[in-house]
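Read through the structure below, which is laid out as structure tokens, and then see the notes.
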């Protein structure tokens, strides 16, 4: 009991935001339920980005029904590499990455070959709701493939690293860089074994990193240091986050941004219930910045 | 904004608790005695003690008759107590037993062959008002027992082993006795007078009608002879099995006869006690509690011996019934028919189970599958003796189902057919468990029947989803969390005192709502978070100057670095 009390005090002193406080004081109070569909669907998010001028991976096509499968060949004709993903998929399920093609077959990101029928089957599965968690019907999106920016090559293993920025009342309050590892299977997902590196908001430099809830300094696969890395395009990234937050009309969101080798930062998606692990990656609590913003807004 | 919402919640919760307390206080102030009991000429608390011993190595069950509420007799607060055997709960009980008539009690597990004889002790306790001044819903529903008999179904004209209404001696005797009497009631009275005059002989309730005629008999034999005489003359009749209440001596089981007399239409059941000489309802004693309207024994079980104790209850004499009391009586669950009461007890504690789940999820941070699945599981196994079995089967099903689900994933099936296959597999698994267990001499059907199969299937899906998204370890942790919370719910709602409290003071549900309201605005840390963010605590303690430097905006940046170290400790929880 005494140890619990000490820990509680420690968390308070560190300003850690707990799950209950996040749900009640941040999400319930700041994110109106009616705005959720805007961030839940990837297509709606894409349209929104276009409207507000935030760069996002190009959407080549959206297949809404099994009937539209006829047009798949024509839709894919001009593109050598692309990504097929469900509109409402979660945790990276149902994402198919194609990096190249010859006259008959497509090449997947891991080098596997795939026939045209295989792709049609995958799209059909997405539309039937195979990858949406509730099992309800879904849409299949064909998107531009993001080619990871070369500066990230040394500190990520396969896959694409991304940047998560928490935005509170249109101000970025915390950020982290998520780096895929061999263990995470190329996915930038922290509990699957990706590295989370806290990024200093003012400078865009990583100052702390965590792997599987333990402090880490080097990437386990590449051996490169993950501390002191300077994220390129940092001012743009913060600017994009602010714009998106303003456009979705929610007070507390997480914005996911990837770095493309040619187009620079692209907005991937927004999350209305961003996780709390970012505090571990930064070794800082979210409460001080949140409360500072509340105070400043009240003063105004 | 958040403050005002939290305050609003707290005030609402306070008001609700006040309301509940008010209702309870008014209840006490206006009605200090139990609302379950109706005003009547006498009120009793009756205890039946049943002792017996099972045959070595054999499965056994004890069936106890429950006295009905009907006519002017109201029975309430009936409950059982036993260390060795337990009554089935909820839907299973309603399906198997008619809780209004009898309760079946069984040991939680069947002994393995070779086990010795097992002694058992069951007590049945209930309260009864006799000569009630009003009838409530329970009594009205019990009055169906007084409907016109249908001899084809209820055998009210049939000859049985101990009621030999077709024996020539009985037929002849009946004919002799009715000579000169036309009306059925007069014939019935003639039979009654004849049986009354016979010699008394103790047969421990086993004497037949013919024995009674030839050698004399006790209450049972006399009742049977009277019924046999009626039946031989085509007058539908039945034996009534009852308890004769006596506070000055040992209370005893008692039997008498009832005949359907329809000479003056529409007909009625006319009781006749050929032991103590009561005839007709006019001078009927107020110390007889009817338990069964047939000749079957009160208790069935291996070597069962029954002892009865009855105590008259004190409290206000029940002649007058002020309107406030009448109101409480009208809204009390105690006036419901027994089957409904059973359901009410089950339903009333469900919110309490939900509160326990809420506490564990919000304050402790235990992860569970589904929100109310642990509550339902805990409620099903609130008899804690069944808990290890039930939860074992639950966890086993989920894990085996998950293995199936993993295999199924290779086929990439659509959701509905996939779930249907899973449901089939869950059914097959449960059936195999039942089969294997039965071969090993353990009967677990009682628990398996309680499992909602669809919920189990859903659980398998959830397990699989969590495994894919957060890893196997996390899925197993969630499974353990679910079982843990289910046990906590079982312990919270299990005690008889809890369900009786809710039954008597249903306004306690308001207190549950108030507690849930407070949980809904609880913003403190979860217990598990004290460990999850451990590193942040340690690193923050080590760092002299917090590394937080600003939000990156040019105009706000300089102010930030100066301000950050001076930040007061943030109020993490309390508004």
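The values are calculated or read from the model by the stated rules, or taken from the named source; none is laboratory data. Everything numeric here is computed off the predicted structure, so don't read it as measured data. Note that we place each Cβ from the backbone using ideal geometry, even for glycine, and neighbour counts take in every protein chain shown.
Structure above, values below:
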item: Members of region B:479-524 that are within 14 Å of chain A (Cβ to nearest Cβ) and either more than 24 Å from residue B:380 (Cβ to Cβ) or free of Cβ contacts under 8 Å to residues at least 40 places away in the same chain (or both); result: B:517, B:518, B:520, B:521, B:522, B:523, B:524
item: Residue in region B:238-265 that is surrounded by the fewest Cβ atoms within 10 Å (Cβ to Cβ), counting only those that are modelled with pLDDT of 80 or more and either farther than 16 Å from residue B:290 by Cα or not assigned by TED's automatic domain parsing to the domain that holds residue B:209 (or both); result: B:262
item: Residue pairs meeting the criteria (Cβ under 7 Å; at least 6 apart or on separate chains; first without any contact (Cβ under 8 Å) to a residue 24 or more places away in the chain and more than 7 Å from every other protein chain (Cβ to nearest Cβ), in region A:271-300; second part of a loop (DSSP other than H, G, I, E, B) and buried (at least 23 other Cβ atoms within 10 Å of the Cβ)); result: none
item: Hits in region B:344-368 - residues which are within 14 Å of chain A (Cβ to nearest Cβ) and either closer than 19 Å to residue B:398 by Cβ or part of a helix (DSSP H, G or I) (or both); result: B:358, B:359, B:360, B:361, B:362, B:363, B:364, B:366, B:367
item: Region B:4-32 - residue that is out of contact with any helix residue (DSSP H, G or I) (no Cβ under 6 Å at 6 or more places or on another chain), modelled with pLDDT of 85 or more and within 14 Å of chain A (Cβ to nearest Cβ) and, of those, surrounded by the most Cβ atoms within 10 Å (Cβ to Cβ); result: B:10
item: Selection count where residues are farther than 16 Å from residue B:351 by Cα and touching a helix residue (DSSP H, G or I) at 6+ places or on another chain (Cβ under 7 Å), scope region B:475-509; result: 5
item: Options B:379, B:391; residue that is over 27 Å from residue B:524 (Cβ atoms) and either within 14 Å of chain A (Cβ to nearest Cβ) or crowded, with 22+ Cβ neighbours inside 10 Å (or both); result: B:379
item: Matching entry among A:200, A:162, A:221 (being surrounded by fewer than 23 Cβ atoms within 10 Å (Cβ to Cβ) and under 30 Å from residue A:250 (Cβ atoms)); result: A:200
item: Single unsatisfied condition, residue A:78 versus (1) surrounded by 15 or more Cβ atoms within 10 Å (Cβ to Cβ); (2) part of a loop (DSSP other than H, G, I, E, B); result: (1)
item: Matching residues in region A:239-255 - criterion: being surrounded by fewer than 20 Cβ atoms within 10 Å (Cβ to Cβ) and away from chain B (no Cβ under 12 Å); result: A:243, A:246, A:247, A:249
item: Residue tally, condition in contact with a helix residue (DSSP H, G or I) (Cβ under 6 Å, 6 or more places away or on another chain), at the interface with another protein chain (Cβ under 10 Å from one of its Cβ atoms) and closer than 16 Å to residue B:400 by Cα, over region B:460-474; result: 0
item: Among the residues listed as A:26, A:93, A:7, the single one being over 18 Å from residue A:257 (Cβ atoms), without any contact (Cβ under 8 Å) to a residue 24 or more places away in the chain and either away from chain B (no Cβ under 14 Å) or surrounded by 13 or more Cβ atoms within 10 Å (Cβ to Cβ) (or both); result: A:7
item: In region B:152-171, residue farthest from residue B:263 (Cα to Cα) [restricted to those that are in a helix (DSSP H, G or I) and in contact with a helix residue (DSSP H, G or I) (Cβ under 9 Å, 6 or more places away or on another chain)]; result: B:169
item: Residue check, residue A:138 in contact (Cβ under 8 Å) with a residue 40 or more places away in the chain, in contact with a strand residue (DSSP E or B) (Cβ under 6 Å, 6 or more places away or on another chain) and either surrounded by fewer than 16 Cβ atoms within 10 Å (Cβ to Cβ) or farther than 30 Å from residue A:292 by Cβ (or both); result: yes
item: Every pair of residues 6+ apart whose Cβ atoms lie under 8 Å, when the first sits in region B:525-545 and is at the interface with chain A (Cβ under 7 Å from one of its Cβ atoms) while the second is assigned to a loop (DSSP other than H, G, I, E, B) and at pLDDT below 80; result: B:525/B:572; B:525/B:573; B:535/A:213; B:540/B:546
item: Matching strands (runs of 3 or more DSSP E) fully within region A:148-257 where at least 1 residues are within 24 Å of residue A:83 (Cβ to Cβ); result: A:162-168, A:171-179, A:195-199
item: Among (1) more than 30 Å from residue B:533 (Cα to Cα); (2) crowded, with 18+ Cβ neighbours inside 10 Å - the single one residue A:47 does not satisfy; result: (2)
